[in-house]
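What follows is a short report on a single structure.
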Amino acid sequence: MPEKHEKNKFSITVCGEFFPEIYPTHRSSKWSRGEEDPLTTEMRLFCACMRWAFNRLLGGASRHEIKKSGQELFGLNSRYADDARLKAQALLDSQTELLKLENEETEKKLGRARKKLSLAMRKLAKAEEKGAASEVIEKLRLAVKGRNNRVVSLAKRLAELKDYREKGTIPELVFGGRRLWEKVCQGRAAREKWRHARRNRLYSRGDESKGGNPNRNWCRYGWP
C-alpha cells in the first residue's frame, strides 16, 4: 500500500523579475495603473496596505484579520500583507512613544513658562509700585502678555496630549510627511511629489528558516 504524503509537505517558490532587460513584463491589469512598471505597482499597493493596516490597528483589528483582508484588498501575497501590517505596527508603536515623550517635554516647558510668567508679573508690579516710566511699564506689560500667551498655548497642547493618552489613540498622522503636505496646501510643492512620498517604498524582511525572503531571490542573468 503506497505511503500517504503529508498535506502541504512540499512547497514551490516561483521567482519573478522586477527589472526585466530582455522582455517587457507587467503586473495583473487588475492592480496596475497605466504604464507603471511592476515595482512601482508593488510599492504603491504595499504602501496603501500599510496605511490601511495602520488605521485597522487603531481600531483594534487582529493580525489575522489584517493579513487576510489585506491580501484581498490590495492583491498582495501573504508575506507582503503581513510585512505591511508589521511596518504599520512599528509606526504605531513609535508614534505612541513619541506621544509619551512629547507629553513629558510639554509638562517641563509649561513649568518653565509659568515661572517666567510669574517673574515677569513681579517685575511689572514692582515697576508700577515705584512709578517707573510709562515706556518701561508698557514694555513689561507686553512681556507679561507674551509669557501668558505661551502658558495658555502650552496648557492647551498638554491637555490635547493627555486626552490622546487617556483615549488610547495618537495625533493624526500624515503619510508622506506633514511638512510636505503643508507645502502642497501652500502651493509651494507639487501634489505628485507628496503622492510619491506616500508610495515609494517596499519593505521586505528575511526569514532564516526559509533561507532569506521568498519574495526576493537575487540572481545574475544567465545563471541556472
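The values are calculated or read from the model by the stated rules, or taken from the named source; none is laboratory data. All values derive from a computational prediction rather than experimental measurement. We place every Cβ from the backbone using ideal geometry, glycine too, and count neighbours over all the protein chains shown.
Does at least one position in region 45-54 carry a residue that is assigned to a helix (DSSP H, G or I) and free of Cβ contacts under 8 Å to residues at least 12 places away in the same chain? Before the answer, list the steps.
Taking region 45-54 and keeping what is assigned to a helix (DSSP H, G or I), we get 45-54.
Still in the running and free of Cβ contacts under 8 Å to residues at least 12 places away in the same chain: none.
Within region 45-54 (the criterion being assigned to a helix (DSSP H, G or I) and free of Cβ contacts under 8 Å to residues at least 12 places away in the same chain), the answer is no, since none of the residues qualifies.
Note on region 146-172: residues that are of a type outside the set (S, T, Y), part of a helix (DSSP H, G or I) and in contact with a helix residue (DSSP H, G or I) (Cβ under 9 Å, 6 or more places away or on another chain) total 12. Restricting A125, A120, A133 to residues that are more than 39 Å from the chain's Cα centre (by Cα), touching a residue at least 24 places away in the same chain (Cβ under 8 Å) and over 30 Å from E42 (Cα atoms) narrows the list to A120. Check region 117-132 and report whether any residue there is modelled with pLDDT under 95 and not in a helix (DSSP H, G or I). Yes, region 117-132 has at least one match.
Please indicate, with yes or no, whether at least one residue in region 72-79 is outside any helix (DSSP H, G or I) and without any contact (Cβ under 8 Å) to a residue 60 or more places away in the chain. Looking for residues that are outside any helix (DSSP H, G or I) and without any contact (Cβ under 8 Å) to a residue 60 or more places away in the chain, one finds at least one in region 72-79, hence yes.
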